[in-house]
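J.: The following block contains the structure, expressed as structure tokens.
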Amino acid sequence: MIAAKAEPPGLPSIQATRSTWSVVAALKCRTSSIVIASCDQTALYTSSESCSSRSSAHALTSTIPATIRPNHRWGCGPPRRKLPWLKAATVLSPETFRTRIGFAAAVSLAALAATSVLLVLLADRTWRIVAAAGIWTAAAALLGWVVYRAGARERANKAQLARAEARYRALLDGLPLVTWLTDPGDRSSSLYVSPSISELTGYSPSEWLEEPGLFEKLLHPEDKVRVINELAGAANGIPVRSDYRLLARDGRAVWVRDETVTVRDPAGEPLYMQTFLRDLGELRRSEDQRERLEVAERAAAEEVAERQSRLDLVRRAGQELTSTLDHQSALSRVADLVVRELADWCVIDLIDEGDLKRAIVARCEPTEVDGAKLGDNPGSGIGAVAQSGRARILPTPGESSNGEPVRFLEGLEARSVISVPLRARKQPLGALTVARTTRGAAFDAADLALVEDLAVRVGLALDRGRLYRLVEERADAARVLEHVGDGIVLLDRNGVIRLWNPAAEAITAIDAKGILGRAAVDAIPGWQNAADQVPVLTAPDPGHDEVTIPIDTPRGERWISISGVRFFGGTVYAFRDLTDVRRLEEIKADFIATASHELRTPLAAVYGAAQTLLRHDFALDEVGRERFVSLIAEESERLGRIVNEILLANQLDAGRVDMEFEPFDPADLVERVVEAARAHTPPTVTVSHTAAEDLPSVSADSDKVRQVLANLIENAIKYSPEGGQVEVDVAEHDGAVRFSVRDEGLGIAPEDQDRIFEKFYRADPQMVRGVGGTGLGLYICKELVSRMGGRIWVEPNDGKGSAFFFELQTAEAAVLAHGNIEPGRLHFRH
């Protein structure tokens, strides 16, 4: 039911309508445009909430005559024509009724006056009575008809108005808003409130009508003063549109939109104030949701920007760490990035030889009051982080520091600190520590995750650099091992050969391809016995004596000096080939024995002859004395040659032999040397010589050539104990002069031919064949010939004896090689 007070004059309920009212509601889904129209297209109400509905609202109202608020444009729709809300129809109002009754009375009076005049004119009394009666009867009938018609019309109009009012109120009750009518200028005096007020506020229409101050009571305290001031303008005929909050019965704050106008009669007098209250809850919720979405969007954008910044920091740090193998400069640039983007301080401490040492310190620009300075000692806190592998963040997220500074870094009072370990392959490398002293809030879990990500990359970079250096060191070591003279063999913990360098191949004649990956006891003959004799140390010891042992190789028995060092990955053995050294030692021992014998023999002869000459117990004749003196002279000369050979060998080793190059005739030199040798040749040996014609001159030291040739002839005679022919030849051969000495003596075994020119080497060291010597003669020959630019070698002499050859360059070849040679002016020291 509709609650309403007694109808005041001018209300629509007592105004006539020309037709029955109906409602056409055009609701736009987003704008809630509402049009209320009569059946004859007279517009009652139009509301357009957005510009998008202007065309619809205008289309519905362009042909209808009026809106409910004259002189008012609302919404954002087009202006409407100024017409009354309900246009009066043909209805007898009380004033009209009284006017018509007066008109009927006037007609009656006119009829009465006419009757009086007629009566005066009529002489006959009877006719006067008849005329008067007729006139009065007609007047009464006319008056009755007028009264009847007026009453009938009024009853019909009242019924029509009642029906229109019922439809109108049904219309108002069905609107999706609250319709509220009050006295002009007095909101506390409510004339009508639609039932939808109950759904909006929880208060019934009767409560609104019965409690005058309910509206002000329900106004939100924060909106009350503003709303009252705004609504005061409506009393002055100013349309009002305001958004405010009403307090519902259940305590909710309901947002409404108040649109109030003053309705006036055709004369311009205010009839009542008409208010429409629209529930803005959904709109407000949409706006709140939109605001929340905007806030969330801004927060998401900020978070995306923050995450992008962190990703950029990680990316740039990765680029710096991978751009160089100099980890010191790379870490310095990474620390600079951190203090620009994340923290005020960045400290990197690294473990070096078991000790944690400060490597990098970076900070942002210091402030005027910031005098902080870090010490060089990382401190126990960072040490614990590095060793334990557990990160620390101070203060812990969610806890308050109560304004106390964090003293995690020595010498620095920070607001917040993060320290994370640097690790690679589960091995501690150090710690990365960042601190905030001035900027931003304390570090949170996201900051900790970022620093841990950076620490992982730093650890990988450090490990990569370490591995690269290790690879380089191993490559350098491998290059060294390829060229080192010592044999190196690496066995793993299972005794499998992992390294066998070229020197080891050369010493043992065992190819690395055939033994790598095999057990040493299977790949190297006699290794087990050899390894049992080698003491293995746990660390290199230069003072440790090496062990010399023999091993069997494809080249025969080799003597090696070997030592071993064990480490976590296996055992390294280093060995040197001492076979030649050992042989040289044996040769030296033989030389000493031989030299002693060679020296003792002439010395004994000299000593014996001298003692004989000094005896007085018997007398020697002149022949006997001459024989002993000649013996002393010959043995002394022999002793001198031995001593000279030893001295010359030492001079050759020391490079102190002077060479005086000059051209000489090789044929003449051969002839003189052969003649001198014949003086000491035994009768069983014949020495002959031949020389080719037109021999070119030889550029060399003629004394040294004479010494070489005499030594070869002496050896040929000495190694011909049974006699035979010794032939000395000289001829030109391929631009050089070749000297040769052939004998028919003992010969030289093939295995000794490559070694007879070695120092102290003798083909018959035990003198089984009765041939002695110091083992220096052929060594001296080889050294002298090579220092004169020639070469010397030995060949078998057609199956009997030996043939020695040496070649020297001609004088012409020497001039081409060295320029003009003046005798006695060209000297070389070799």
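J.: Can you go through V295, V347, V339, V304 and tell me which one is assigned to a strand (DSSP E or B) and not charged (D, E, K, R)? Explain how you work it out, then say what you get.
T.: Numbers: V295 fails: assigned to a strand (DSSP E or B); V339 fails: assigned to a strand (DSSP E or B); V304 fails: assigned to a strand (DSSP E or B).
Within the list V295, V347, V339, V304, the selection yields V347.
J.: Restricting attention to segment 620-658, report how many residues are acidic (D, E) and in a loop (DSSP other than H, G, I, E, B). Explain how you work it out, then say what you get.
T.: So the first thing to find is which residues in segment 620-658 are acidic (D, E), and the list is 621-622, 626, 634-635, 637, 645, 653, 658.
Add one more test, that the residue is in a loop (DSSP other than H, G, I, E, B), and what stays is 621.
Selection size over segment 620-658: 1.
J.: Here is a further query. Residues in segment 371-380: is at least one of a type outside the set (D, E, K, R) and part of a helix (DSSP H, G or I)? Full working, then the answer.
T.: Applying the first criterion (of a type outside the set (D, E, K, R)) to segment 371-380 yields 371-372, 374-375, 377-380.
With part of a helix (DSSP H, G or I) added as a condition, the list becomes 379-380.
For segment 371-380, residues of a type outside the set (D, E, K, R) and part of a helix (DSSP H, G or I): present.
J.: What do you reckon, is T275 modelled with pLDDT under 90 and not in a helix (DSSP H, G or I)? Break it down stepwise before answering.
T.: Details: modelled with pLDDT under 90: no; not in a helix (DSSP H, G or I): yes.
Spelling it out, it is not the case that T275 is modelled with pLDDT under 90 and not in a helix (DSSP H, G or I).
J.: Considering A156, A166, which residue is under 30 Å from F276 (Cα atoms), among the hydrophobic types (A, V, I, L, M, F, W, C) and free of Cβ contacts under 8 Å to residues at least 24 places away in the same chain?
T.: Values: A156 fails: under 30 Å from F276 (Cα atoms).
One residue alone meets the criteria, A166.
J.: Among the residues of segment 530-546, is any more than 23 Å from E585 (Cβ to Cβ) and either charged (D, E, K, R) or touching a helix residue (DSSP H, G or I) at 6+ places or on another chain (Cβ under 6 Å) (or both)?
T.: yes
J.: Still on this structure, I have one more. Sort through L599, L652, L631 and tell me the only one that's closer than 21 Å to Y779 by Cα, out of contact with any Phe, Trp or Tyr (no Cβ under 6 Å at 6 or more places or on another chain) and at pLDDT 75 or above. If you could, list the steps in order and put the result at the bottom.
T.: On the way: L599 fails: at pLDDT 75 or above; L631 fails: closer than 21 Å to Y779 by Cα.
Of L599, L652, L631, the one residue that is closer than 21 Å to Y779 by Cα, out of contact with any Phe, Trp or Tyr (no Cβ under 6 Å at 6 or more places or on another chain) and at pLDDT 75 or above is L652.
J.: Can you find a residue in segment 683-701 that is part of a helix (DSSP H, G or I), among the β-branched types (V, I, T), farther than 30 Å from L614 by Cβ and touching a helix residue (DSSP H, G or I) at 6+ places or on another chain (Cβ under 6 Å)? Walk me through how you get there before you give the answer.
T.: Just the residues of segment 683-701 that are part of a helix (DSSP H, G or I), to begin with: none.
No; the residues of segment 683-701 include none that is part of a helix (DSSP H, G or I), among the β-branched types (V, I, T), farther than 30 Å from L614 by Cβ and touching a helix residue (DSSP H, G or I) at 6+ places or on another chain (Cβ under 6 Å).
J.: I've got another one for you. Suppose we filter segment 395-413 for residues that are under 29 Å from the mean Cα position of the chain (by Cα), surrounded by fewer than 22 Cβ atoms within 10 Å (Cβ to Cβ) and touching a residue at least 24 places away in the same chain (Cβ under 8 Å); how many remain? Explain how you work it out, then say what you get.
T.: Narrowing segment 395-413 to residues under 29 Å from the mean Cα position of the chain (by Cα): 395-397, 408-409.
Next cut, surrounded by fewer than 22 Cβ atoms within 10 Å (Cβ to Cβ) only: 395-397, 408.
Okay, now just the ones that are also touching a residue at least 24 places away in the same chain (Cβ under 8 Å), so 395, 397, 408.
Result for segment 395-413: 3.
J.: Answer yes or no: is there a residue in segment 745-763 that is farther than 30 Å from V581 by Cβ and crowded, with 17+ Cβ neighbours inside 10 Å. Walk me through it before giving the result.
T.: Of segment 745-763, the ones farther than 30 Å from V581 by Cβ are 745.
From what is left, the residues that are crowded, with 17+ Cβ neighbours inside 10 Å are 745.
The answer is yes, given that some residue of segment 745-763 is farther than 30 Å from V581 by Cβ and crowded, with 17+ Cβ neighbours inside 10 Å.
J.: Condition first: assigned to a helix (DSSP H, G or I) and buried (at least 19 other Cβ atoms within 10 Å of the Cβ). Now tell me which residues in segment 419-456 satisfy that. Don't jump to the end; show me each part of the working.
T.: Within segment 419-456, the first condition is being assigned to a helix (DSSP H, G or I), and the residues that meet it are 445-456.
Matches in segment 419-456: D447, L450, V451, L454, A455.
J.: Quick check on A710: is it aliphatic (A, V, I, L, M), over 16 Å from A803 (Cα atoms) and either free of Cβ contacts under 8 Å to residues at least 12 places away in the same chain or in a helix (DSSP H, G or I) (or both)?
T.: On the way: aliphatic (A, V, I, L, M): yes; over 16 Å from A803 (Cα atoms): no; either free of Cβ contacts under 8 Å to residues at least 12 places away in the same chain or in a helix (DSSP H, G or I) (or both): yes.
No: the conditions fail for A710.
J.: Would you mind finding the one in A359, A317, A386, A330 that is assigned to a strand (DSSP E or B), under 27 Å from Y468 (Cβ atoms) and not polar (S, T, N, Q)?
T.: Values: A317 fails: assigned to a strand (DSSP E or B); A386 fails: assigned to a strand (DSSP E or B); A330 fails: assigned to a strand (DSSP E or B).
Within the list A359, A317, A386, A330, the selection yields A359.
J.: Please work out if V705 is outside any strand (DSSP E or B), in the same structural domain as C781 (by TED's automatic domain parsing), buried (at least 22 other Cβ atoms within 10 Å of the Cβ) and touching a residue at least 60 places away in the same chain (Cβ under 8 Å). Can you show your working first?
T.: Details: outside any strand (DSSP E or B): yes; in the same structural domain as C781 (by TED's automatic domain parsing): yes; buried (at least 22 other Cβ atoms within 10 Å of the Cβ): yes; touching a residue at least 60 places away in the same chain (Cβ under 8 Å): yes.
Taking the combined requirement at face value, the residue satisfies it.
J.: In segment 240-262, how many are over 26 Å from S286 (Cα atoms) and out of contact with any Gly (no Cβ under 8 Å at 6 or more places or on another chain)? Write out each step before concluding.
T.: Step one: list which residues in segment 240-262 are over 26 Å from S286 (Cα atoms), which gives 261-262.
Among the residues that remain, those that are also out of contact with any Gly (no Cβ under 8 Å at 6 or more places or on another chain) are: 261.
So the answer is 1.
J.: If you don't mind, there's one more thing I want to ask. Can we say D336 is of a type in the set (D, E) and buried (at least 17 other Cβ atoms within 10 Å of the Cβ)?
T.: Details: of a type in the set (D, E): yes; buried (at least 17 other Cβ atoms within 10 Å of the Cβ): no.
So D336 fails the test.
J.: Same structure again: Any residue at all in segment 587-601 that's buried (at least 17 other Cβ atoms within 10 Å of the Cβ) and under 22 Å from E807 (Cβ atoms)? Even if it seems obvious, please write down each step before you answer.
T.: Kept after step one, since they are buried (at least 17 other Cβ atoms within 10 Å of the Cβ), are these residues of segment 587-601: 587, 590-591, 594-595, 598.
Right, trim to under 22 Å from E807 (Cβ atoms) and you get none.
Among the residues of segment 587-601, not one is buried (at least 17 other Cβ atoms within 10 Å of the Cβ) and under 22 Å from E807 (Cβ atoms), which makes the answer no.
J.: Would you point out the residue of segment 483-496, among those that are in contact with a Lys or Arg (Cβ under 6 Å, 6 or more places away or on another chain) and assigned to a strand (DSSP E or B), that is surrounded by the fewest Cβ atoms within 10 Å (Cβ to Cβ)? Break it down into steps so the answer makes sense when it comes.
T.: Quick first cut of segment 483-496, residues in contact with a Lys or Arg (Cβ under 6 Å, 6 or more places away or on another chain) only: 486, 490, 492.
Imposing the further condition that a residue be assigned to a strand (DSSP E or B) reduces the set to 490, 492.
On the way: L490: 18, D492: 12.
Taking the candidates together, the pick is D492.
J.: Which of the following residues is closer than 20 Å to V741 by Cβ, among the hydrophobic types (A, V, I, L, M, F, W, C), without any contact (Cβ under 8 Å) to a residue 60 or more places away in the chain and exposed (fewer than 14 other Cβ atoms within 10 Å of the Cβ): A679, A654, A691?
T.: A679
J.: Going through segment 555-566 one residue at a time, which ones are of a type outside the set (A, V, I, L, M) and either in contact with a Pro (Cβ under 9 Å, 6 or more places away or on another chain) or closer than 18 Å to A519 by Cα (or both)? Show your work before the answer.
T.: Narrowing segment 555-566 to residues of a type outside the set (A, V, I, L, M): 555-559, 561, 563-564, 566.
Scanning segment 555-566 gives E557, R558, W559, S563, G564, R566.
J.: In segment 247-285, which residues are of a type outside the set (G, A, S) and touching a His at 6+ places or on another chain (Cβ under 7 Å)?
T.: Step one: list which residues in segment 247-285 are of a type outside the set (G, A, S), which gives 247, 249-250, 252, 254-266, 269-280, 282-285.
Listed by number, the residues that qualify are L247, V261.
J.: Moving on. Please state which one of V334, V361 is more than 19 Å from R415 (Cβ to Cβ) and touching a residue at least 12 places away in the same chain (Cβ under 8 Å).
T.: On the way: V361 fails: more than 19 Å from R415 (Cβ to Cβ).
That would be V334, the only listed residue that is more than 19 Å from R415 (Cβ to Cβ) and touching a residue at least 12 places away in the same chain (Cβ under 8 Å).
The values are calculated or read from the model by the stated rules, or taken from the named source; none is laboratory data. Quantities reported herein were computed from a predicted structural model and do not represent experimental measurements. Virtual Cβ from ideal backbone geometry, glycine too; neighbours counted across all protein chains shown.
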